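Q: This is the structure, below, for whatever I ask next.
Read-outs: derived from the displayed coordinates by stated rules, not from any lab. Values in this document were obtained by computation on a predicted structure and should not be read as measured data. Reconstructed Cβ throughout: ideal geometry from the backbone, glycine too, with neighbour counts over all protein chains shown.
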Amino acid sequence: MTTQPDTSTSTTPLWDEAQRRDTAAPLTASARGFATDGTVHLNGNSLGPPRADLAGELASVVHDQWAPRQVQAWFRDGWLDLPRSIGDKLAALLGAAPGQIVVAGETTSTTLFNALIAACRLRPDRSVLLIEASAFPTDLYIADSVARLLGLRVVTASGEDFDSCLRGNGRHVAAALAAPVDFRTGERGTIGRTAALCHAAGAVSVWDLSHAAGVLPVDLDAADVDLAVGCGYKYLGGGPGAPAFLYLPTRLHQEVDLPLAGWHGHARPFDMTRTFEPAAGIDRARTGTPPLLSLVALNHALDPLLDVGVPALYSRSQQLSEFFLECLERSRPGLLEGLVSPRDPDRRGGHLALRVPDAERVEEALAERGVLIDSRPPDLLRFAFAPLYVTYEQVRRAAQDLCDVLEGGQ
Ligand SMILES: Cc1ncc(COP(=O)(O)O)c(C=O)c1O
């Protein structure tokens, strides 16, 4: 590959190449269905744009269901079924059979709290809660809190040390919490191997799928995962504060004791009985009255992901991120020395991270140019390649703007 600087106007080889790929790539048409308004959204691992017809979908629920029927709409418009029916859509994206995922209407943090306590309660005779040292802060905080509540000891370890801990001291581990994608670096881990190590040690395997759902192939059933949670607002596109999901396989339904025993998880919620009796199946993992409009938005966001399918989404995301690196390599190859994500696309999730000085200032300067990314302290820029709405031309533009900003051209 050439390292000649590319001065990138609308006549450069990279511009031509982006146009060619956009014309040829079948997913580019779907980008037009999003309300991107000329902005480049490389922040879909935080919060990407809505689909252009979301407002109409929400308005119709408000005008045609809520306004005329109020509380009756819960029963007559299928609102009460949404936590489970959205769960089934997610199951199709995450390699799970139906009836094992629910969107109760909670945050990822609350859902993780629920999952981790339930996981540890499955191994009451064990003393350790194992978590990756590189986990997202909320996961570490919740793990600490769960450990305090249950009298456990938190052990943090990363990468090979995490697996070694399971091999060497696994008999003490009640539950092990990991993520298939590192939220900072985008590095991808292997769910199946770690879940198998957990099971060999008799530990419960819990996963935070926030940075994987909607972009990465995940086979929850085949990998024998015990519990998993994930955000609804990242690649799933459910919108600001979209509720999280919980995966609980059928084999654990009878056994599990979820701490958030809310009335919507009761076998007969409207009997209003004094004692909690868990509902059959995944409904037992529901909690209270869910945020209906947020559920509608998440439900609406999942359809194009299902239409395209995970293999095509993943491959598209990989191709976009590779094109981004190709653009940087041509325009400013030295920048790639700051790449903290694996260079091999098969070892990355949907985003990649570059180390640069003054990352926050660079993020702001790019935002002024209409290129949205995010930074993580102290010096990381993260670029997410959400497959449904990012185009090659936007990737080229983002790479060019990044080079300009770093050269002081902001
Ligand atoms: C990996 C991961 N887990 C958990 C969370 C927290 O989610 P919530 O704010 O919905 O509780 C985030 C938020 O970005 C995250 O990236």
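Q: Which cross-chain or sequence-distant (5 or more) residues have an amide H under 5 Å from the amide H of L339, H modelled 1.01 Å from N in plane?
A: Counting only residues 5 or more places away or on other chains, the set is R355.
Q: OK, next. Toward the positive end of the charge dipole of the chain, about the Cα centre and with charges on Cβ (Lys, Arg +1; Asp, Glu -1), which of N43, V225, Q254 goes farthest?
A: Q254
Q: Going highest first, how would you order 231-243, 211-223 by mean Cβ packing within 10 Å?
A: Top of the packing list down: 231-243, 211-223.
Q: How many percent of DSSP beta bridges within the chain run antiparallel, rounded to 5?
A: Of the beta bridges lying entirely in the chain, close to 50 percent run antiparallel.
Q: Answer rounded, prolate or oblate for region 278-398, using the Cα gyration tensor with square roots of eigenvalues a ≥ b ≥ c: rounded when a/c is under 1.5, else prolate when a/b is larger than b/c, else oblate.
A: Values: a/c = 2.25, a/b = 1.87, b/c = 1.21.
Prolate, because a/c is 1.5 or more and a/b exceeds b/c.
Q: On to the next question. Read phi for every residue in region 91-108 and hand back ³J(HN,Hα) as whole Hz from Karplus 6.51 cos²θ - 1.76 cosθ + 1.60, θ = phi - 60°, with x for Gly and Pro.
A: Values per residue, Gly and Pro as x: 4, 5, 7, 10, x, 10, 6, x, x, 10, 10, 9, 10, 6, x, 9, 6, 5 Hz.
Q: How do the peptides 349-357, 161-169 rank, highest first, by the average count of neighbouring beta carbon atoms within 10 Å per residue?
A: Most protected by this proxy first, the peptides run 349-357, 161-169.
Q: A follow-up question, please. Just to be sure I understand the model, the point goes 7 Å from the Cα along the line to the Cβ. What's the resulting S85 to R274 distance in nm?
A: 3.7
Q: Turning to a different aspect of this structure: Looking at L336, L366, F75, which one has the Cα that reaches farthest to the positive end of the dipole of the chain (charges on Cβ: Lys, Arg +1; Asp, Glu -1)?
A: Most positive-ward Cα: F75.
Q: What distance in nm separates the simple spin-label points at A261 and N169, each placed 7 Å from Cα in the Cβ direction?
A: Inter-label distance under the simple model: 3.3 nm.
Q: Using θ = phi - 60° and the Karplus curve 6.51 cos²θ - 1.76 cosθ + 1.60, what whole-Hz ³J(HN,Hα) does each residue of region 237-248 get, with Gly and Pro shown as x?
A: Karplus-based 3J(HN,Hα) across region 237-248 equals x, x, x, x, x, 3, x, 8, 10, 10, 9, 9 Hz.
Q: Quick one: grab the alpha carbon gyration tensor of the chain, order the square roots of its eigenvalues as a ≥ b ≥ c, and give me rounded if a/c is under 1.5, else prolate or oblate depending on whether a/b is larger than b/c. Could you put the intermediate results ahead of the total?
A: Values: a/c = 2.30, a/b = 1.37, b/c = 1.67.
Oblate, since a/c reaches 1.5 and b/c is not below a/b.
Q: Right, something else. Full extension from A67 to A92: what is 0.36 nm times the residue separation minus their Cα-Cα distance, to one decimal in nm?
A: Taking 0.36 nm per residue and subtracting the Cα distance, the gain is 5.8 nm.
Q: Using the Cα centre of the chain as the reference point, and only Cβ charges (+1 on K/R, -1 on D/E), how large is the resulting charge dipole? Debye, rounded to the nearest 20.
A: Here the chain has a charge dipole of around 900 debye.
Q: Could I ask something else about it? Separation between the R76 and D144 pseudo-spin-labels, each 7 Å from Cα along Cα→Cβ, expressed in nm?
A: Between R76 and D144, the simple spin-label model gives 5.0 nm.
Q: Further question: How much length would be gained if the chain were fully extended between T107 and L336, taking 0.36 nm per residue of separation minus their Cα-Cα distance, in nm to one decimal?
A: Extra length available between T107 and L336 comes to 78.9 nm.
Q: Also: Give me a comma-separated list of calculated 3J(HN,Hα) values for region 40-48, in order, Karplus coefficients 6.51, -1.76, 1.60 applied at θ = phi - 60°, integers in Hz, x for any Gly or Pro.
A: Values, residue by residue: 9, 9, 9, 10, x, 8, 10, 7, x Hz.
Q: With +1 on each Lys and Arg Cβ and -1 on each Asp and Glu Cβ, and nothing else charged, work out how big the dipole of region 78-306 is about its Cα centre, in Debye to the nearest 20.
A: On the way: 18 positive and 23 negative charges, 71 e Å.
Charge dipole, region 78-306, about its Cα centre: 340 debye, nearest 20.
Q: Check V154: other-chain or 5+ apart residues with amide H under 5 Å from its amide H, H built from backbone geometry?
A: L129
Q: Another question, then. Pull up the DSSP beta bridges for region 78-306 and report the antiparallel fraction as a percent, rounded to 5.
A: Once the DSSP bridges in region 78-306 are tallied, antiparallel ones form about 30 percent.
Q: Under the rule of at least 5 residues apart or a separate chain, name every residue whose amide H is placed under 5 Å from the amide H of S375.
A: R382
Q: Only four residue types carry charge here, +1 at the Cβ of Lys and Arg and -1 at the Cβ of Asp and Glu. Report the dipole size of region 42-170 about the Cα centre in Debye, rounded to the nearest 20.
A: 380
Q: A further question on this structure: Hey, can you rank 57-64, 272-279 by average C-beta count inside 10 Å, highest first?
A: Values: 57-64: 13.8, 272-279: 11.2.
Sorting 57-64, 272-279 by mean packing, highest first, produces 57-64, 272-279.
Q: Same structure, new question: Along its principal axes, what span do the Cα atoms of region 331-390 show, with the longest given first and each in whole Å?
A: On the principal axes, region 331-390 reaches 31, 28, 25 Å in Cα extent.
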